[in-house]
Amino acid sequence: MLPDIVALTTSPSLSVPWWKVVYDFSSLTEWIDASLHNYMSPFWTTITEMLIIGVLILLFYAVIGLFLVYAERKVCAFMQNRLGPNRVGPFGIFQTIADLFKLLFKELIPIKNADGFLFNLAPFIVIIASFMAIAAIPFAKGLHAIDLNIGVLYVMAVSAMGVIGVLLAGWSSNNKYSLIGAMRSGAQIVSYELSVGLSIITIIILAGSMQLSVIVEAQRDGWFIFKGHIPAFIAFIVFLISSTAETNRGPFDLAEAESELTAGYHTEYSGIKFAFFFLAEYINMFIVASIAATVFLGGWMPFHVGHWVGFNYIMDFIPPFIWYIGKTFFVIFLMMWFKWTFPRLRIDQLLTLEWKYLLPINLVNVLIMAFIVLMGWHF
Amino acid sequence: MEEKEIITTPDEEQEYVINMGPQHPSTHGVLRLLVSLKGEKVKSIQPHVGYIHSGIEKMCESITYPQIIHLTDRMDYISAHINNEAVCLNVEKALEIDIPDRIKVIRTIMSELTRLQSHQLWWACFGMDLGGLTCFFYGLRDREKILDIFEETCGGRMIVSYNCPGGLMYDIHPNFQKRVKDFIKYFRKILPEYDQLLTGNVIFHERSRGIGKLTKEDAISFGVTGPTGRASGFSCDVRKHEPYSAYDRVQFKEILHTEGDTFARYIARIDEMWESMNIIEQLIDNIPEGPFAVKMKPVIKLPEGEYYQRVETARGELGVYIISDGNKNPYRVKFRSPNFSNLSVLNHIASGFKIADLVAIGGSLDLIIPDIDR
């Protein structure tokens, strides 16, 4: 029997439109959980569920990574009056898969005098950090691997772990360019982590919770970017800037800076180890875009306007997953737009921007937001 | 609080030296810069040249004068036409040949087109050095249009070999005038787009203003010429001071700036593009009728003596010095190449700045490495 029909037939209120029930993934996951419990002990049920989720997230990870690389190429081609990949498959959609195979078959060049253990460990740290962060992101109602009550904090904490991998990569490569790149990256990520945190705190004050599902639910009648007046908008801008910097993307790609440091911290990597860094960059971009979409733009919540019942009704018809992906890709497109139009900053200008401008703006912004929430001036 | 340094080895050994090049994305060729760093700061730069040394000056001694132009093509390959013009003018001066107006005008138009495409390529690469990758495609897109015009008339795109002692290799293509006019019309609209993409950007201003300041005195004493020298206020435009070909009959400004920083060098080149378009517009409708080459002897022999001719390439002053002993080969040829002098100033203006500034300054000097090594 299909889970949806179970949910439909047992649904207490028939006034709820059928698609709302279908779009709610929690009934599906609960049904899977219940049926697994019928066959095995709770311990093995947990193990099996973890395996299923692990495989699903890995698959999603790979697909999203490949798609983002393709999207970046197409967007960048669009910005530069080019066509982009258009030979492998229709519109070149298999180009990234072909590239993946190329990277898989390439030789892993051993580096003389490199610290072998750390050199091999670094790409895994980078990729595990991004892999862990993706687990807590709510893709749709009931469609998240784990719903921690400190979800935002967790995502920020694990995604910041990636910098360890970058530092190790730069240090262990036995290459002077790599070392400079790693040092830059360390200074940059540690600084911009503050701004990311503070801009999210602005919204946490408004939402009153750090649990991602609660934050999304709180945006049922209006996204926080509209609800929170100007402070929320400022926080969104600051978050965009600092998260672009945190993912080491242009115009803040000083750690790579191919015209200065050849390729920065991953100069010496080849083959699949390089692919790990490459993939992790795009997944990190996806993660920060997801956070921006979830915290500021309502996550999977459709666009609702106050008492326009008909309008809200139509908006509800679009599946939440589509809403979520659409918002995320909107933010990703913005970040790609930055990268392909701006020149790169210098390291001292980068740190000046953070410590002298973004941080004070952010601190004041948090205060204003707290005041607004205290007075109850938000919608 | 005082900064304490733990010194375990002599100062010389504590330097963090990196090799920029010979294989490096921002040296645009095989220039090797030994850069001593202190953190991100550049302490000193030691350029090592010679990685693409091809012995052009020595080879010139064993070939005839019309053959030399095929070597000078390869020197500063982005402004190949102007290099050839220098050799041809020198040979013609030595032989005291009167060059018809048609040749002069066509040479001037071609020189200015060469300058335009050279500056377009420079703009593209300079943007890329600063991390704005889109600039590269904008610059190359427009440069292709000039190369297409070259291809139609000269057969070659970059290495044109269009000049020869006594005139031109062949007459201009019937489409030449129309296509050049179309291009100027197109590029007048496109050049403001360059400004929108890079010149007006606040990050670009931050990266280039006050970086790598070169004073007028230093520019003169280092022999820095071209847009780089003129951005420091050194009036060194050979086209103005010692007009050759048809430059004495056109109206144009010598672009002079006084700031001498990377931004001034950038603006000087952008302004030069506008001036080049003005020059071409004045000449393109007034190409006189006449032969495209003067009848020369089958074997050109220069009378015994020393001859010097200088021209303004896209990067500065190129001097060609020929000593002839009366044979069909020159006795000695010396090129005073602009890039060599421009490179010599790099350590002077870039030390004390950051690595990223070194790349920006290097880009603003617009170095072509085969011209340095020759």
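The values are calculated or read from the model by the stated rules, or taken from the named source; none is laboratory data. These numbers were taken from a predicted model, which means no experiment stands behind them. Positions of Cβ are generated from backbone atoms using ideal geometry, with glycine treated the same way; all protein chains shown enter the neighbour counts.
Some notes on this structure:
- Restricting the first member to region B:279-296 and to residues that are under 14 Å from B:Glu112 (Cβ atoms), and the second to residues that are modelled with pLDDT of 90 or more and of a type in the set (Asp, Glu), the beta-carbon pairs closer than 9 Å and six or more apart or on different chains are B:Ile279/B:Glu112; B:Ile280/B:Glu112; B:Leu283/B:Glu112.
- Candidates A:Tyr324, A:Tyr265, A:Tyr269: the one that is buried (at least 22 other Cβ atoms within 10 Å of the Cβ), part of a loop (DSSP other than H, G, I, E, B) and of a type in the set (Ser, Thr, Tyr) is A:Tyr269.
- Checked against (1) touching a residue at least 12 places away in the same chain (Cβ under 8 Å); (2) surrounded by 22 or more Cβ atoms within 10 Å (Cβ to Cβ), B:Ile184 passes all but a single condition, namely (2).
- Index of the failed condition, A:Ile332 passing every other in (1) modelled with pLDDT of 85 or more; (2) surrounded by 22 or more Cβ atoms within 10 Å (Cβ to Cβ); (3) of a type in the set (A, V, I, L, M, F, W, C); (4) farther than 30 Å from B:Tyr138 by Cβ: (4)
- Residues (surrounded by fewer than 16 Cβ atoms within 10 Å (Cβ to Cβ), part of a loop (DSSP other than H, G, I, E, B) and under 26 Å from the mean Cα position of the chain (by Cα)) located in region A:102-158: A:Ile146, A:Asp147, A:Asn149, A:Ile150
- Taken over region B:297-326, residues that are acidic (Asp, Glu) and touching a residue at least 24 places away in the same chain (Cβ under 8 Å) amount to 2.
- Flag if A:Ser13 is at pLDDT below 85 and part of a loop (DSSP other than H, G, I, E, B): yes
- Scoring A:Tyr265 on the criteria (1) under 28 Å from B:Gly21 (Cα atoms); (2) within 14 Å of another protein chain (Cβ to nearest Cβ); (3) in contact (Cβ under 8 Å) with a residue 40 or more places away in the chain leaves a single failure, condition (2).
- Looking only at residues of region B:16-43 that are modelled with pLDDT of 80 or more and over 21 Å from A:Ile347 (Cβ atoms), we find that the one that is surrounded by the most Cβ atoms within 10 Å (Cβ to Cβ) is B:Leu31.
- Listed by position, the helices (runs of 4 or more DSSP H) inside region B:318-374 whose residues that are of a type outside the set (S, T, N, Q), within 14 Å of chain A (Cβ to nearest Cβ) and surrounded by 24 or more Cβ atoms within 10 Å (Cβ to Cβ) number at least 2 are B:355-365.
Let's see how each residue does on (1) surrounded by fewer than 21 Cβ atoms within 10 Å (Cβ to Cβ); (2) within 14 Å of chain B (Cβ to nearest Cβ); (3) of a type outside the set (Val, Ile, Thr):
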| position | (1), (2), (3) |
| --- | --- |
| A:Phe342 | no, yes, yes |
| A:Leu353 | no, yes, yes |
| A:Lys356 | yes, yes, yes |
| A:Pro360 | yes, no, yes |
| A:Val366 | yes, no, no |
| A:Val373 | yes, no, no |
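Quick grid of which residues meet (1) modelled with pLDDT under 85; (2) aromatic (Phe, Trp, Tyr); (3) touching an Asp or Glu at 6+ places or on another chain (Cβ under 9 Å):
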position	(1), (2), (3)
A:Asp115	yes, no, no
A:Asn120	no, no, no
A:Pro123	no, no, no
A:Ile127	no, no, no
A:Phe131	yes, yes, no
A:Ala136	yes, no, yes
A:Ala145	yes, no, no
A:Leu148	yes, no, no
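- Scanning region B:113-143 for residues that are closer than 14 Å to B:Gly363 by Cα and either away from every other protein chain (no Cβ under 13 Å) or surrounded by fewer than 18 Cβ atoms within 10 Å (Cβ to Cβ) (or both) gives B:Ser118, B:His119, B:Gln120, B:Leu121, B:Trp122.
- Complete set of residues in region A:74-101 that are closer than 24 Å to B:Gly132 by Cβ and in a helix (DSSP H, G or I): A:Lys74, A:Val75, A:Cys76, A:Ala77, A:Phe78, A:Met79
A quick yes/no check of all residues on (1) within 14 Å of chain A (Cβ to nearest Cβ); (2) assigned to a helix (DSSP H, G or I); (3) in contact with a Leu (Cβ under 7 Å, 6 or more places away or on another chain):
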| site | (1), (2), (3) |
| --- | --- |
| B:Lys145 | yes, yes, no |
| B:Arg157 | no, no, yes |
| B:Ser161 | no, no, no |
| B:Phe183 | no, yes, no |
| B:Leu191 | no, yes, no |
| B:Asp195 | yes, yes, no |
| B:Phe204 | yes, yes, yes |
| B:Arg207 | yes, yes, yes |
| B:Gly212 | yes, no, no |
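- Set A:Ala280, A:Ala275: member being touching a Pro at 6+ places or on another chain (Cβ under 9 Å), touching a residue at least 40 places away in the same chain (Cβ under 8 Å), farther than 21 Å from B:Asp129 by Cβ and surrounded by fewer than 23 Cβ atoms within 10 Å (Cβ to Cβ): A:Ala275
- Checked against (1) within 21 Å of B:Leu358 (Cα to Cα); (2) surrounded by fewer than 20 Cβ atoms within 10 Å (Cβ to Cβ); (3) touching a residue at least 40 places away in the same chain (Cβ under 8 Å), B:Asp101 passes all but a single condition, namely (1).
- Selection over region A:193-217 of residues that are of a type in the set (Gly, Ala, Ser), crowded, with 20+ Cβ neighbours inside 10 Å and either in contact with a Leu (Cβ under 9 Å, 6 or more places away or on another chain) or at pLDDT 85 or above (or both) gives a count of 2.
- Residues of region B:302-317 satisfying the condition of being of a type in the set (Gly, Ala, Ser) and surrounded by fewer than 16 Cβ atoms within 10 Å (Cβ to Cβ): B:Gly305
- Lone unmet requirement of (1) touching a residue at least 60 places away in the same chain (Cβ under 8 Å); (2) under 24 Å from A:Leu261 (Cβ atoms); (3) not aliphatic (A, V, I, L, M) for B:Pro370: (2)
- Checked against (1) out of contact with any Leu (no Cβ under 9 Å at 6 or more places or on another chain); (2) more than 27 Å from A:Leu68 (Cα to Cα); (3) surrounded by fewer than 23 Cβ atoms within 10 Å (Cβ to Cβ); (4) more than 14 Å from chain B (Cβ to nearest Cβ), A:Val190 meets all criteria but (2).
- Among the residues making up region A:290-319, those that are part of a helix (DSSP H, G or I) and either of a type in the set (Asp, Glu) or surrounded by 24 or more Cβ atoms within 10 Å (Cβ to Cβ) (or both) are A:Ser290, A:Ile291, A:Ala292, A:Ala293, A:Thr294, A:Val295, A:Asp316.
- Residues within region A:277-302 that are touching a Phe, Trp or Tyr at 6+ places or on another chain (Cβ under 7 Å) and either within 14 Å of another protein chain (Cβ to nearest Cβ) or under 30 Å from A:Gly116 (Cβ atoms) (or both), tallied: 2
- Selection within region B:214-244 - surrounded by fewer than 18 Cβ atoms within 10 Å (Cβ to Cβ), of a type in the set (Gly, Ala, Ser), in contact (Cβ under 8 Å) with a residue 12 or more places away in the chain and not in a loop (DSSP other than H, G, I, E, B): none
- Which numbered condition B:Val299 misses (of (1) buried (at least 16 other Cβ atoms within 10 Å of the Cβ); (2) more than 22 Å from B:Ile109 (Cβ to Cβ)): (1)
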